[in-house]
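Shown next, in structure tokens, is the structure this report addresses.
The values are calculated or read from the model by the stated rules, or taken from the named source; none is laboratory data. This is a predicted model, so every value here is computed, not measured. Every residue, glycine as well, gets a Cβ built from its backbone with ideal geometry; the counts of neighbours run over all protein chains shown.
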There are 2 protein chains.
Amino acid sequence: MEPIAVDLMGTDRGPQVVARGLADVGDVPLVAVGTADALASLPSGIEGVEASEVIEMTDDPASAPRRKRDASMVVAAQLVKQGRASAAVTFGNSGAAMATALLKLGRIRGVARPAITVELPVPGATPTVMLDAGANAEVQAAWLRDFALMGTAYARARLGIDRPRVGILSIGEEPGKGTTLVREAYELLEGDPQVHFIGNVEGRDVMSDRVDVVVTDGFTGNVVLKALEGAASAFAHAVLGALRAGGDDAVVSHALERLVPLWNELTPDATGAAALLGVDGLFLIGHGASNERAVASAVRSARQLVLGDVVATIRRYESKEHDGV
Amino acid sequence: MEPIAVDLMGTDRGPQVVARGLADVGDVPLVAVGTADALASLPSGIEGVEASEVIEMTDDPASAPRRKRDASMVVAAQLVKQGRASAAVTFGNSGAAMATALLKLGRIRGVARPAITVELPVPGATPTVMLDAGANAEVQAAWLRDFALMGTAYARARLGIDRPRVGILSIGEEPGKGTTLVREAYELLEGDPQVHFIGNVEGRDVMSDRVDVVVTDGFTGNVVLKALEGAASAFAHAVLGALRAGGDDAVVSHALERLVPLWNELTPDATGAAALLGVDGLFLIGHGASNERAVASAVRSARQLVLGDVVATIRRYESKEHDGV
């Protein structure tokens with residue numbers, strides 16, 4: 001495979017953290033994009049491509065990729081467009097990253113809107129894929145069908161699930177429950193042979209093994225994602241506090257030994273990046289606060305999506321918005 | 001105060017569980033409503049009012065209170081209407097409970113739509129009040145302002161917060177972020193002197209101490225509530241599993257001793273019931289699967305709302321939907 005292009009710049013913790021994360025990735029061909037200074041901190045054996053500009057967290061997302069044409073995330077996307085990289089991963093300004101991907105890679109024909117695709121941890125089972133997690137605050141029913149197809153492709157490539165169960169997030173399982181949008185999307189998905197549609201699912205199902213792919217609008221998806229991130233953090237702190245309150249250090253350290261691997265599984269860092277599906281090339285957006293472990297797992301996630309050929313699979317779907325036209 | 005009317009019937013666990021829960025409430029005047037059989041299981045000292053019918057979980061919510069005029073939850077609402085009870089609490093069919101409250105108590109003048117009001121646990125701080133948690137899947141901006149006023153009254157009465165911080169749930173803190181609905185509601189709330197409006201809040205804030213009252217549409221609110229319930233359950237099971245996997249029973253039992261009070265604080269049973277605010281009388285709806293502890297805490301919660309005079313406070317608000325008319 002062509003190397004995965006990783007943007008070193010524009011993160012909360014600086015390019016050194018991203019560079020160190022790359023050293024942990026293992027056997028994946030990489031190309032790092034950054035300023036000359038940042039490239040100097042690269043571990044040996046990783047190719048560097050220089051970019052003269054950086055899109056900062058404070059830059060206006062929509063205009064940034066046009067104003068800073070030689071910014072590192074723009075150059076990374078360009079490498080994908082040119083076929084010199086199989087995927088791009090950035091941990092910078094996420095709004096600018098979406099704009100960059102759309103500008104440089106364009107949409108896959110027939111996909112109305114790209115969607116941010118995330119994995120929600122499920123203890124003891126494969127994660128639940130959820131989209132859209134924030135690219136489109138307001139959506140149409142036909143877009144939700146696109147999301148169902150793209151989520152199916154993602155779950156196959158990344159999680160190895162042959163026939164992923166797809167549900168629409170709603171407030172009741174019965175077909176009539178929810179908003180007008182949900183009811184319209186239900187009708188579209190019910191008849192689509194390319195999707196293993198299981199109907200409506202509820203909030204409590206997203207962290208369960210009841211469903212593999214959850215489709216929703218970007219407003220609800222983003223609120224749910226962040227609510228779960230907040231809950232994970234609140235629970236972890238509360239458990240730690242409760243254990244420590246007893247004062248017996250042996251109990252605390254024994255318990256923590258067993259709980260740390262669990263936090264690692266249940267915190268968002270475990271995946272490390274969200275894929276912007278629907279653009280014509282693989283583009284992943286990680287958290288600006290990503291640590292070394294999150295960087296490494298983002299790159300591994302990109303690798304699996306490359307090997308699973310997720311973009312080509314989405315290109316091949318029939319229907320999408322132009323169904324029957 | 002007048003007694004709190006508690007519906008014994010129509011729950012998943014049977015009237016005995018509700019009756020036993022009432023025994024644990026302590027010093028609160030109560031009147032229990034149920035069939036003659038159910039009343040026989042009441043602890044001594046609790047007054048009973050007989051009802052000949054029961055609304056079951058399988059009954060059609062909208063028509064149930066009209067078809068079963070002598071159903072226990074209908075009789076409980078009637079007692080509030082007649083001034084013979086200060087509040088009604090049911091653990092039965094929640095859709096039918098909403099229909100019953102609207103039919104028997106009516107809306108408070110000026111409130112466009114009642115909203116389901118829940119408390120989300122925040123470790124180490126007062127809970128966050130969220131509304132609407134599911135009464136109205138689709139809402140208008142003016143209704144969100146009503147919710148802000150009602151949530152303010154609730155947080156004062158129930159949590160003793162003098163100037164509760166109110167936020168609109170959105171996908172970015174900046175004023176322009178989110179949907180058209182959020183932007184319109186933002187403008188309405190920004191100018192309302194009766195509300196301590198702090199702007200948009202995000203999903204991660206709901207289980208934090210950043211905000212006291214979160215207003216949102218009933219679709220998003222219900223999805224978030226259930227996602228957090230699912231997460232709490234997933235985390236608790238995962239932590240228990242991880243602790244047990246080590247095999248050392250002493251560590252497990254020591255750790256559990258400290259964690260059980262935490263689960264009790266962080267699970268939805270801790271509150272026990274949601275208030276349907278906006279109807280002209282206090283009406284609370286508990287989980288159908290409520291255990292004794294949840295029943296007792298629902299009644300205590302009703303008592304605080306009675307003492308805090310939440311319904312009268314909502315009646316007194318100016319503006320609401322008729323602002324300026």
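Among (1) in contact with a helix residue (DSSP H, G or I) (Cβ under 7 Å, 6 or more places away or on another chain); (2) of a type outside the set (Phe, Trp, Tyr); (3) over 23 Å from A:HIS287 (Cα atoms), where does A:ASN136 come up short?
All conditions are met except number (3).
State yes or no: is B:LEU105 surrounded by fewer than 23 Cβ atoms within 10 Å (Cβ to Cβ), under 16 Å from B:ILE285 (Cα atoms) and touching a strand residue (DSSP E or B) at 6+ places or on another chain (Cβ under 8 Å)?
It is true that B:LEU105 is surrounded by fewer than 23 Cβ atoms within 10 Å (Cβ to Cβ), under 16 Å from B:ILE285 (Cα atoms) and touching a strand residue (DSSP E or B) at 6+ places or on another chain (Cβ under 8 Å).
Hey, among A:ILE168, A:ILE161, A:ILE198, which residue is in the same structural domain as A:LEU225 (by TED's automatic domain parsing), in contact with a strand residue (DSSP E or B) (Cβ under 7 Å, 6 or more places away or on another chain) and surrounded by 23 or more Cβ atoms within 10 Å (Cβ to Cβ)?
Unique residue meeting the criteria: A:ILE168.
Of the residues A:ALA85, A:ALA99, which single one is out of contact with any Phe, Trp or Tyr (no Cβ under 9 Å at 6 or more places or on another chain) and buried (at least 24 other Cβ atoms within 10 Å of the Cβ)?
A:ALA85
How many residues are buried (at least 22 other Cβ atoms within 10 Å of the Cβ), of a type in the set (A, V, I, L, M, F, W, C) and at pLDDT below 75 if we restrict to the range A:220-275?
1
This table checks each residue for (1) of a type in the set (Asp, Glu); (2) buried (at least 18 other Cβ atoms within 10 Å of the Cβ).
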{"residue": "A:ASP12", "(1), (2)": "yes, no"}
{"residue": "A:MET57", "(1), (2)": "no, no"}
{"residue": "A:SER63", "(1), (2)": "no, no"}
{"residue": "A:LYS68", "(1), (2)": "no, yes"}
{"residue": "A:GLY95", "(1), (2)": "no, yes"}
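Condition first: of a type outside the set (Asp, Glu) and at pLDDT 95 or above. Now tell me which residues in the range A:47-59 satisfy that.
Answer for the range A:47-59, where residues must be of a type outside the set (Asp, Glu) and at pLDDT 95 or above: A:GLY48, A:VAL49, A:ALA51, A:SER52, A:VAL54, A:ILE55.
Out of B:ASP217, B:ASP212, report the one residue that is over 26 Å from A:GLY172 (Cβ atoms) and either surrounded by fewer than 18 Cβ atoms within 10 Å (Cβ to Cβ) or at pLDDT 95 or above (or both).
None of the others qualify; the one that does is B:ASP212.
Please enumerate the residues belonging to the range A:108-125 that are surrounded by fewer than 22 Cβ atoms within 10 Å (Cβ to Cβ) and away from chain B (no Cβ under 14 Å).
Within the range A:108-125, A:ILE108, A:ARG109, A:GLY110, A:ALA112, A:ARG113 qualify.
Given (1) away from chain A (no Cβ under 14 Å); (2) more than 19 Å from the chain's Cα centre (by Cα); (3) over 30 Å from B:LEU262 (Cα atoms), identify the lone condition not met by B:GLU173.
Only one criterion in (1) away from chain A (no Cβ under 14 Å); (2) more than 19 Å from the chain's Cα centre (by Cα); (3) over 30 Å from B:LEU262 (Cα atoms) is unmet by B:GLU173, namely (1).
Scan the range A:212-220 and tell me whether some residue there is charged (D, E, K, R), touching a residue at least 12 places away in the same chain (Cβ under 8 Å) and more than 7 Å from chain B (Cβ to nearest Cβ).
yes
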